[in-house]
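Working notes, structure below.
None of the figures in this text is laboratory data; all of them are computed from the coordinates on show. Here the structure is a predicted model, which is why all the values come from computation and not from measurement. With ideal geometry, Cβ positions are generated from the backbone for all residues, glycine too; neighbour counts draw on all protein chains shown.
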Amino acid sequence: MAGSKHQFILGLVIKKMREEGASIYGVDGNYPGLFGEKIALPPQILRHRPDAIAVKADGQIFIGEAKTGNDIQNNRTYEQLLDFSSVELNGKLCEVFVGILKHVEDQFKITLSRWGLKGAQNIHILVVPEEIING
């Protein structure tokens with residue numbers, strides 16, 4: 001089921017952002033927070049609402065996106081990555097963490113190149129092996 005895969009990938013993206021020192025303050029999905037507290041929806045950034053948003057103590061904004069196989073080449077994903085990676089919040093470009101499945105990694109990198117986003121220093125790809133996903 002694509003919904004459960006997306007949710008699992010998003011959980012790993014959130015975990016990565018927390019490991020990088022960010023506090024989660026918005027999630028569009030089922031995320032209970034550290035102590036089961038309710039987490040608000042992320043705000044819309046330019047044209048889209050991200051799956052997750054977090055902030056570090058220095059004001060650096062982290063944006064998290066989970067993408068399943070069907071998402072990696074569509075125009076909406078391009079618009080999201082363009083918006084999220086080009087916007088400055090708190091005087092800094094946002095750091096964008098994108099979780100994808102391992103089997104689409106090569107195609108995703110080709111697509112990033114085609115979109116002119118290959119090599120963007122603030123786009124971080126988290127590759128998730130299918131073997132760890134239930135469903």
Neighbour-count order for E79, E19, fewest beta carbons within 10 angstrom listed first: E19, E79
Sequence of H103, H6 once ranked by neighbouring C-beta atoms within 10 Å, starting from the fewest: H103, H6
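So how strong a dipole does the chain carry about its Cα centre when Lys and Arg Cβ are +1 and Asp and Glu Cβ are -1, to the nearest 20 debye?
120
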Relative packing of 22-30, 10-18, which averages over residues the other C-beta atoms within 10 Å, highest first: 10-18, 22-30
Non-local Lys pairs in the chain, i.e. 8 or more apart or on different chains, that have alpha carbons under 15 Å apart: 8
Listed candidates [x] 41, 28, 24; [y] 79, 28, 23; [z] 36, 34, 24 - label of the one calculated as Cα extents along the principal axes in Å: [z]
Charge dipole (region 46-135, unit charges on Cβ, about Cα centre) - positive-most of Q107, Q60, N90: N90
Share antiparallel - DSSP beta bridges, region 18-135, percent rounded to 5: 50
Region 57-135, Cα convex hull volume normalised per residue, Å³: 97
